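Attaching a single structure in structure tokens format; questions to follow.
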Amino acid sequence: MVFAAKSQRRTCPLALSRVPAGFPSPADDYKDRDLDLHEHLVQHPAATFFMRASGNSMTGAGIHDGDLLIVDRSIPPRSGSVVIAILDGELTVKRLKHCGDRPYLTPENPEHAPIWIDEGSTFEVWGVVVYVVHKV
Amino acid sequence: MPVALVDCNNFYASCERVFNPALEGVPVVVLSNNDGCIVARSNEVKALGVKMGIPYFQAKGVLDRAGAKVFSSNYALYGDLSRRVMQVLGRFTPEVEVYSIDEAFLELAGIGGDLTEYGWTIRQTVKRWTGIPVSVGIAATKTLAKIAAEVAKTRKLWVYAMPAYGREEILAGIHVEEVWGIGPAWAERLKAHGADTALKLARTDLAWVRANMGVVGERTVRELRGEPCLELEDAPPKRKEICTSRSFSAPTDSKADVLEALATYAARAAVKLRAQGSCAGVLIAFLHTDQFKTGPQHYGSRTARLEPPSNDTSVLTRQAARLLDAIWRPGHRYRKCGVILSDLCAQGSVQQTLFSTDDPRSRRLMAALDGINAEWGPGALRYAAEGFAKGWHMKSETRSSRYTTHWAELPCVRT
């Protein structure tokens with residue numbers, strides 16, 4: 001559920017002016033409703049999950065240790081997508097690439113080598129990373 | 001108009017696998033509250049011959065030898081994934097009846113084309129979006145769809161649309177007690193009457209059925225014949241009764257412990273009441289000792305009428321505490337206690353008694369309480385009677401993380 005419960009939503013009012021009582025700001029007429037970050041980041045609530053990244057192999061893609069990943073399972077992975085992959089029973093985040101028909105996973109850090117998927121290993125895409133939330 | 005029953009395969013065990021793919025192919029069991037009994041089994045565990053519902057210790061040897069992974073139940077996770085599955089099903093048809101945590105009926109009105117193919121689209125979409133594998137049974141009526149889903153699952157077809165011409169052959173292979181709505185008592189009567197399979201039940205004379213099984217039985221028979229008699233309920237009926245109770249992790253003879261537990265259950269029940277916009281007219285508090293142990297036994301239960309009906313935490317916890325004084329017998333070791341709220345009515349329809357006033361302060365206080373707890377987590381702000389230490393709390397030794405409902409427990413992925 002993560003963000004999905006209304007109660008967990010953090011919202012920001014679009015327009016709120018401090019005015020003396022009795023003089024409503026004309027700007028308030030244009031206040032629609034609060035901006036909901038969840039609505040912006042989560043297109044498919046039923047299929048969207050939050051995960052925590054650990055490690056430094058994806059810094060080139062803007063994913064740092066401890067970042068929050070927003071993962072959508074409903075999006076079909078393409079060559080070039082940043083994905084959560086299941087590799088031999090473990091979840092890992094990498095960029096998915098193809099060489100011909102053969103998929104491989106590339107880290108985004110020159111210190112790490114690409115991972116070729118062997119015939120024998122079990123490989124599956126768990127979901128596609130759509131946003132990274134990084135604390136500055 | 002065809003109906004589909006979508007049934008999650010080994011739901012709790014499948015939930016555990018979504019965030020822990022290493023469990024794929026490994027025997028997985030989930031235990032009940034308090035880690036007592038087996039409430040879910042993966043296919044590997046079923047293949048070991050471990051039965052549903054048995055106490056864990058009876059199967060521990062077999063499970064250990066097979067390298068099974070054992071989990072305490074993680075209802076936060078199961079509830080969230082269930083909601084997601086139902087949400088995905090809602091994309092296929094507006095007519096979804098959530099039948100249980102892991103089953104839903106779908107009305108497939110106006111679906112042109114091949115129903116089996118449509119069933120596969122449902123199955124694949126649910127699997128892709130949520131990670132949960134489901135079986136899909138499609139047939140002319142709800143009762144037949146239930147059988148079709150069973151066929152889909154047991155024959156590992158995963159999707160089965162029962163054609164009208166193949167119905168008799170399928171029904172001939174179904175024992176009468178496996179038919180939806182046929183309880184053990186009716187099954188015995190039917191077998192004595194010569195109807196031991198679903199097919200024979202479908203062919204039973206309707207007059208006999210009506211005379212012996214009433215209108216409910218007649219509906220079942222008609223449904224087996226392909227005549228829809230059971231409507232989809234589009235909205236789940238509001239709970240008519242709310243029960244919150246648990247076993248203590250260890251039996252207790254302390255009245256303070258029991259009071260704390262009862263107050264907590266009353267508070268939890270009050271939250272459920274307010275969430276569905278109801279008030280309770282009756283509160284029942286109960287406690288009992290362990291009937292499977294020797295020693296003095298006591299089963300205490302007392303009911304209080306609430307005048308006027310209420311959903312105020314302070315009113316409910318006060319009543320629960322008052323009832324405990326009435327049912328408490330010292331010198332026993334208590335195993336379980338709980339609170340049942342009954343005679344529920346809609347909040348707006350509460351009849352005022354002569355001397356009471358509906359206190360708007362109470363309603364505001366409860367709204368504030370629920371708001372704070374929604375923000376900070378259940379029980380962040382609570383009545384002191386609910387206590388702090390919770391030494392009596394239920395046992396759940398091997399619960400997996402609440403991956404989807406707690407910020408601190410999100411699944412971790414290596415980059």
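The values are calculated or read from the model by the stated rules, or taken from the named source; none is laboratory data. All values derive from a computational prediction rather than experimental measurement. Neighbour counts are summed over all protein chains in view; Cβ atoms, including those assigned to glycine, are modelled from backbone coordinates with ideal geometry. For the accessible areas, the whole protein counts, side chains as well, though only heavy atoms, and no ligand, DNA or RNA atoms are used. Shrake-Rupley method; radii C 1.70, N 1.55, O 1.52, S 1.80 Å.
Rg to Rh for the stretch B:181-233: what is it, with Cα atoms only and Rh by Kirkwood?
0.95
Long-range amide H contacts for B:V50: which residues qualify at under 5 Å (H placed 1.01 Å from N, peptide plane, sequence gap of 5 or more or a different chain)?
Result for B:V50 returns nothing.
Would you kindly derive the ³J(HN,Hα) couplings of the stretch B:83-90 from the backbone phi angles with the Karplus curve 6.51 cos²θ - 1.76 cosθ + 1.60 (θ = phi - 60°), listing them in order in whole Hz, with x for Gly and Pro?
Taking θ as phi minus 60°, the curve returns 4, 5, 4, 5, 4, 5, 4, x Hz for the stretch B:83-90.
Right, here's the next one. Once you keep just the Cα pairs under 8 angstrom separated by 6 or more residues, what percentage relative contact order results for chain B?
16 percent
Sticking with this structure for a sec: Within the stretch B:151-170, list the residues whose amide N lies under 18 Å from a label point set 7 Å along Cα→Cβ of B:Q124.
Answer for this model: B:157-161.
Another question, if that's okay. With n ≥ 4 as the cut-off for DSSP H runs, can you work out [θ] at 222 nm for chain B, using -39500 (n - 2.57) per run divided by the number of residues, rounded to the nearest 500?
So the helix-based figure for chain B works out to -12000 deg cm²/dmol.
Say the dipole of chain B comes from +1 at the beta carbon of Lys and Arg and -1 at that of Asp and Glu; which of B:L89, B:T313, B:A256 then lies farthest toward its positive end?
B:A256
Okay, moving on. At a probe size of 1.4 Å, how large is the accessible area of B:R91, to the nearest 10 Å²?
Surface accessible to solvent at B:R91 totals approximately 150 Å².
Rounded to the nearest 0.05, what FRET efficiency do B:E168 and B:R65 have when you use their Cβ-Cβ distance and R0 = 45 Å?
Working from the Cβ atoms, E equals 0.55.
Using the basic label-point model (7 angstrom from Cα toward the beta carbon), what is the B:K272 to B:R414 distance in nanometres?
Spacing of the two 7 Å Cα→Cβ label points: 4.2 nm.
Counting heavy atoms of the protein chains only and a 1.4 Å probe, report the per residue accessible area for the protein assembly as shown as a whole number of Å².
Per-residue accessible area for the protein assembly as shown comes out at 51 Å².
Expressed as a whole number of Å, what is the distance separating the alpha-carbon centroids of the stretch B:276-315 and the stretch B:211-231?
Here the two parts' Cα centres lie 37 Å apart.
Rounded if a/c is under 1.5, else prolate if a/b beats b/c, else oblate: with a ≥ b ≥ c from the C-alpha gyration tensor eigenvalues square-rooted, which is the stretch B:42-184?
Oblate shape, in that a/c is at least 1.5 and b/c is the bigger or equal ratio.
When the accessible area of the protein assembly as shown is computed with all protein chains present and a 1.4 Å probe, what percentage of it is carbon and sulfur?
Answer for the protein assembly as shown: carbon and sulfur cover 54 percent of the accessible area.
For chain B, I need the span (max minus min coordinate) of the C-alpha atoms along each principal axis, in Å, sorted largest to smallest.
For chain B, the Cα spread along each principal axis is 64, 60, 47 Å.
Report, as an integer, the average count of C-beta atoms from other chains found within 10 Å of each Cβ along B:401-413.
5
Could you pull out the pairs from B:K60/B:K153; A:K97/B:K127; B:K51/B:K142; A:K135/B:K69 whose alpha carbons sit more than 29 Å apart here?
A:K135/B:K69
Which residues' amide hydrogens lie under 5 Å from the amide hydrogen of B:A161, considering only partners 5 or more residues apart or on another chain, with H built in the peptide plane?
B:I138
Over all alpha-carbon pairs in the protein assembly as shown, figure out the percentage whose distance exceeds 37 Å.
Pairs farther apart than 37 Å: 47 percent.
Can you give me the long-range amide H partners of B:L344? Hydrogens built in the peptide plane at 1.01 Å from N, cutoff under 5 Å, separation of 5 or more residues or another chain.
Distant-sequence amide H within range of B:L344: B:G281.
Work out how far the C-alpha atoms of the stretch B:131-194 reach from end to end along every principal axis, then list the three figures in whole Å, largest first.
43, 29, 19
At 0.36 nm per residue, minus the direct Cα-Cα distance, what do B:N43 and B:N212 gain on full extension? Give it in nm, one decimal, please.
In short, 57.0 nm is gained.
Same structure again: Residue separation times 0.36 nm, minus the C-alpha to C-alpha distance between B:D253 and B:L365: what's the value?
36.9 nm
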